[in-house]
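Just so you know, all these numbers are worked out from the coordinates, no wet-lab data involved. Keep in mind the model is a prediction, meaning the values are calculated, not measured. When we count neighbours, we look across all protein chains shown, and the Cβ atoms used for this are built from the backbone with ideal geometry, even at glycine.
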Amino acid sequence: MTKRNNSIRIGMIGYQFMGKAHSHAYRDLPFYFDNPLTPELKVITGRNEDAVKVAKEKFGWEAYETDWRKVIERDDVDIVDIVTPNHTHAEIAIAAAEAGKHIITEKPLAMTVDEAKQMLSAVEKNGVKHMICHNYRFVPAVQFAKKLIDQGKIGRIFHYRANYLQDFIIDPNFPLVWRLKKEISGSGALGDIGAHSLDLARFLIGEFSEVTATMETFVKQRPIGEMTGGLSAKGDSSKMGEVTVDDAVAIIARFENGALGTFEATRFAGGNRNKNKFEINGEKGSIRWDMENMNNMEVYFADDNEGEQGFRLINCTEEVHPYAGAYWPAGHIIGYEHTFIHLIDEFLRGIAEDYQPAPNFEDGVRNQVLLEAIEKSTEERSWVKIK
Ligand code: SOE
């Protein structure tokens, strides 16, 4: 990597799935966007020295560490990027904030609302910029949907309907990875993928006022396996452990703007690999989007000519669609990995131009409040108001 005088130096804590996505984003950002800052991949961190050594070489980092505290202590690191399991986020982020580092962390922000609030006060007290990696906000089609909604193109919102469907743990022999252990992940499908749907709803139509929900754990025991977050881990069925999180959650919600919401997040929807989708119905039209067809969006406008009404497809790959014009001519498509480039582009702009980008730790706290309210509602089988 050529050194430039506008470098901003990254220290990453973690190196697996999201470590790969974020490393790619730092490296590719200058290729497509004229950001005032150029990421310098200083150090990547992981407890497994052999594995993090490989990640360092493969992803192009200058150095590796096996102790995250050493990264926080370095004065040649400006940003700490946390891609480790959820139970580590608070300790690392608070230490990084106290060391004056800007922070980006994967979702969900924390394990509890209290932890999330401590993280927010640490970054605010220390005057560092912060972001939470709800990357789906940065899909060109989702950004364009927000523009249409904010312009009033679909008018008053009646319904927000979201499903986030995966199927990687239907096999009861899939091992007990960290995502299935409450003490490490905090919750299951709810916090891992439901959190994305809840964030997109807040981004697109506003704040929740109350929720009611129910959850299910379909497979209660699994083989103790490699403690990876990986989606294709292997296990040894001679030793079994208890699954302590939800496999699926169904939610009904009310929004402050009077809209009704229905949400589903599950890892047991066979045939759906990463189907993160929503449909929004308004007085003057509807919008629907599906991550498995991420470059397109379907719209319906009630004022289309008689006989010509119905959902139609928009290719969100043109200059007019946010971020899309940075890549290729209209009609050429981009992927999941590009959403991380857009989010990090916004983070670095916020640092360079001294504004607090979004989604940030405040969004993370609001998301955590929703996660806790949904769990409370499930336990008490009642509606819970969102304060
Ligand atoms: C696994 O469920 C996962 O990798 C989530 O953790 C990510 O946030 C989501 O983008 C894809 O699915």
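In straight Cα distance, which aspartates and glutamates are under 19 Å from K284, not counting same-chain residues fewer than 8 positions off?
Within reach: D150, E298, D303, D304, E306, E308.
Region 45-120: which trypsin sites (Lys or Arg not before Pro) are DSSP loop and have at most 11 other beta-carbon atoms within 10 angstrom?
none
Compare the Cα positions of L313, A55, I193 along the charge dipole of the chain (+1 at Cβ of Lys, Arg; -1 at Cβ of Asp, Glu; about the Cα centre) and return the one farthest towards the positive end.
A55
With +1 on each Lys and Arg Cβ and -1 on each Asp and Glu Cβ, and nothing else charged, work out how big the dipole of region 7-136 is about its Cα centre, in Debye to the nearest 20.
With only Lys, Arg, Asp and Glu charged at Cβ, the dipole is about 160 debye.
Dipole size in debye (nearest 20) for region 159-221 around its Cα centre, Lys and Arg Cβ +1, Asp and Glu Cβ -1?
Taking the Cα centre of region 159-221 as origin, the dipole is about 100 debye.
Within 10 Å of each candidate Cβ there may be at most 15 other Cβ atoms; applying that plus a DSSP loop requirement, which GluC sites (Glu not before Pro) in region 135-218 survive?
Here the GluC sites (Glu not before Pro) that fit, given the DSSP loop and packing criteria, are E207.
Could you compute the FRET efficiency for K182 and E124, with r as their C-beta to C-beta distance and R0 at 51 Å, rounded to 0.05?
0.95
Suppose every Lys and Arg Cβ carries +1 and every Asp and Glu Cβ carries -1, with no other charges. What dipole size does the chain come out with about its Cα centre, to the nearest 20 debye?
Magnitude of the dipole: close to 340 debye.
Please identify the GluC sites (Glu not before Pro) of region 299-360 that satisfy two criteria: DSSP loop assignment and at most 12 other Cβ atoms within 10 Å. Which are they?
Filter output for region 299-360: E306, E308, E319, E353.
What does the extension gain come out to for F311 and I170, with contour length at 0.36 nm per residue minus their alpha carbon separation?
47.4 nm
Using 0.36 nm times the number of residues separating D303 and R69, minus their current alpha carbon distance, what extension gain do you get?
Contour length minus Cα-Cα distance gives 78.4 nm.
Based on the Cβ-Cβ distance from F31 to E292, what FRET efficiency comes out when R0 is 45 Å, to the nearest 0.05?
That gives a FRET efficiency of 0.95.
In terms of the ratio Rg/(2.2 N^0.38 Å) built on C-alpha atoms, what value belongs to the chain?
Normalised Cα radius of gyration, the chain: 0.98.
Compute the FRET efficiency between D236 and E283 as 1/(1 + (r/R0)^6), taking r as their Cβ-Cβ distance and R0 = 56 Å, and round to the nearest 0.05.
0.50
Farthest toward the dipole's positive end in the chain, which of P329, H130, A269, given Cβ charges of +1 (Lys, Arg) and -1 (Asp, Glu) about the Cα centre?
Projecting each Cα onto the dipole axis, the largest value belongs to A269.
Working from the alpha-carbon coordinates of region 7-136, get Rg over Rh, Rh being the Kirkwood radius.
0.94
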